[in-house]
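The values are calculated or read from the model by the stated rules, or taken from the named source; none is laboratory data. Just so it is clear, the structure is predicted and the values come from calculations on it, not from any experiment. All Cβ positions, glycine included, derive from the backbone under ideal geometry; neighbour counts span all protein chains shown. These area figures cover heavy atoms from the full protein model, side chains too; ligands, DNA and RNA do not enter into them. Shrake-Rupley method; radii C 1.70, N 1.55, O 1.52, S 1.80 Å.
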Amino acid sequence: MLATIIPGLLLIQGCFSAVQPHDKTMKNLFAHTGACNTQHGRELDDPDYYASNSGMPHDPSSSGFMATHGTHRFLAMHEQTALLVGEGKHGVWRFQENGFIRIYRGVGREGIPPQKREGVRDLRKNVVIDDDMEDKESAWEINRLLIILERNYMPIDPNFDFDHQFGEEVFEPNGRNWLNWIDLPIYHARFGGKYKEHVPIDLPVYYCQMSSAEFPHMGATWHVMKAQPKANVIGPLGRRAGMDIRENFNDVIRFRLFDDAGFWANIGQGNPETDKMASTLEELKERAQTANWQRIDKDKIGWEVYVMERSYHNAKSTYLSLAFVMLDSSTPEREKEYTYIRPHGEYYNYLVEKGYEIKSTIPNNSPTVPIENETEVKEAYGLATYGHHHMARVKYGIGGGACPQKGGDVSIYPWGDAGGGWPTNYEEITPLCDAFLIDIKFWVNLDKQWTEPDMFLGNAGHDYRGQTAVMYQAQANWYGKYSDPYNVERGAKNPYELDMTEDHKIQEFPGEDEVVPVVNFTIDFGVVGEVEEYFNTEIDWTPRTCLADEIEDQDGPVESPVRNTNTAGIAAVSVYILAIVSFIWA
């Protein structure tokens, strides 16, 4: 440490010596620890090096950005607080989960024959085989198929290779005939019964993708965030939308809105004939749709805002999207308008069998919402376009430009029979493209709330954990004695005057050999102090996607961070899928 210590004073002659943290993760996430002119005062071999002078643990600091169509969103975390700031009035699409999970067959693994699909879709547990069973062969077959589902089929997982090309449902070479994927209800035995008591999934999600594949400019920011205590803690509305089904949603973090951020609805300009979306080529040519976004009164609805990481199809790449769920439950009829469950299939039958209340079996594609300073709810109108900021997709080579106008697999949009989301979505819940907008101005505590009285107290550091009383030290002086003539002439005395000296004199700047007494005293906090909890996580720092391409162009190939890549054919399929999804959502 480049400093000269004189009794009573610390003279900083320069920065602390250059700090080389223990590894790349610490260097990147804790670059602030030991930085010059921060009075850190600890050496690298100190077990509490990543802590303040009082032993308060340092938290990671990280930031990055993501973008689509040239519009940026900035994600950061500091002191276990996450911030996301992007553009105002960001358009969203709607989707609703259908109560199923799609699982994919692993590379080279035995699958379920198509003719067995219906027989395995409703399995709730293993069949117990006993000596009195008449049809043991069928029972053994059911259990064998369940083992195949458990061992050979997986939900989307970046560490798992899938043995099929995009769009091919059945694997047929060499006389084999296996399903490449299968949709199973969430209560299925394949998922260990963890969702058998799940609330009915009856609310839609409004979402929009914010990043390109693997968000290359984000660094470690999202990867650290999603490992923290408040990650994947889903609220009641989010659970009703199925956002806690981890097989469908890779990772989710719930955020809060800043005070001036909100939701907007396109309520039109007052003429229903022009406010509604055109539906034919002739109509699009003949008239303009009249749009008018006004703020939703968020005090009159329930709402939850999230950032979610989710993959498409069988691709390894994941994307970050914002998402929100809203519900007007002011009356039973208003709540019914927001909800839906398709009255058909295994999931519906299971809910009926369990006695759950199903509030509505009629899809509502003309939702109404409360608007600020309006006494009546207003209908929200979707657009014919991809989004109100997407008038130039063709010009910039991104492609598409129209709203897909139905739910389901986005597939190879804008070509083919494309939907607006994922294959486990209801087709009849339409996207309502940009009927709703959101201001991207979010924050959230990644651990505890700062409102707790025991948080961040002086006895919360490593050296004092579990103690209510802490000894303090101070160099002796007569602190707070008034010397201003106004106060001296009046004989005024400072009620907070603190005399730590034995001779009751002001201690001037000490001489070279003068020793100034140090006074010990105790403060009892009455409670044990608490700190925020930080969960460490392993970070892969290998440059991804476009950044890896840039480095390869300059320096040659970069070792891929993706594990278990087996053949050039599989790699080619992954690139193909990535290209399609990038084309869709750029």
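Once region 256-269 is narrowed to residues that are part of a loop (DSSP other than H, G, I, E, B) and touching a residue at least 12 places away in the same chain (Cβ under 8 Å), the residue that is surrounded by the fewest Cβ atoms within 10 Å (Cβ to Cβ) is ASP260.
For region 379-407, how many residues meet the condition of being part of a loop (DSSP other than H, G, I, E, B) and of a type in the set (S, T, N, Q)?
Here is the first cut: in region 379-407, the ones part of a loop (DSSP other than H, G, I, E, B) are 380-384, 386-401, 403-407.
Retained after the next criterion (residues that are of a type in the set (S, T, N, Q)): 405.
Number satisfying all stated conditions: 1.
Selection of region 478-516 for residues being in contact (Cβ under 8 Å) with a residue 60 or more places away in the chain, open to solvent by less than 80 Å² (accessible area, probe 1.4 Å) and not charged (D, E, K, R) yields GLN507, PRO510, VAL516.
The set of residues in region 215-233 that are part of a loop (DSSP other than H, G, I, E, B) and surrounded by fewer than 22 Cβ atoms within 10 Å (Cβ to Cβ) comprises GLY219, ALA220, LYS226, ALA227, PRO229, LYS230, ASN232, VAL233. Residues of region 242-255 include none that is over 14 Å from the mean Cα position of the chain (by Cα) and not in a loop (DSSP other than H, G, I, E, B).
Taken over region 275-299, the criterion of being part of a helix (DSSP H, G or I) and surrounded by fewer than 16 Cβ atoms within 10 Å (Cβ to Cβ) is satisfied by LEU281, GLU282, GLU283, LEU284, LYS285, GLU286.
Considering only residues in region 392-415 that are among the hydrophobic types (A, V, I, L, M, F, W, C) and in contact with a Ser or Thr (Cβ under 7 Å, 6 or more places away or on another chain), the one that is least open to solvent (accessible area, probe 1.4 Å) turns out to be CYS403. Every listed requirement among (1) modelled with pLDDT of 95 or more; (2) touching an Asp or Glu at 6+ places or on another chain (Cβ under 7 Å) is met by ASN250 save one, (1). Listed by first and then second residue, the pairs linking a residue in region 340-358 that is surrounded by 13 or more Cβ atoms within 10 Å (Cβ to Cβ) to a residue that is part of a helix (DSSP H, G or I) and at pLDDT 95 or above, with Cβ atoms under 8 Å apart and 6 or more places separating them unless they lie on different chains, are ILE341/TYR347; ILE341/TYR348; ILE341/LEU351; ARG342/TYR348; ILE358/TYR348; ILE358/LEU351; ILE358/VAL352.
Residue-wise test of (1) modelled with pLDDT of 95 or more; (2) polar (S, T, N, Q); (3) touching a strand residue (DSSP E or B) at 6+ places or on another chain (Cβ under 8 Å); (4) closer than 29 Å to GLY242 by Cα.
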site: GLY8; (1), (2), (3), (4): no, no, yes, no
site: SER17; (1), (2), (3), (4): no, yes, no, no
site: HIS32; (1), (2), (3), (4): no, no, no, no
site: ASN37; (1), (2), (3), (4): no, yes, yes, no
site: LEU44; (1), (2), (3), (4): no, no, no, no
site: GLY70; (1), (2), (3), (4): no, no, no, no
site: GLN96; (1), (2), (3), (4): yes, yes, yes, yes
site: GLY99; (1), (2), (3), (4): yes, no, yes, yes
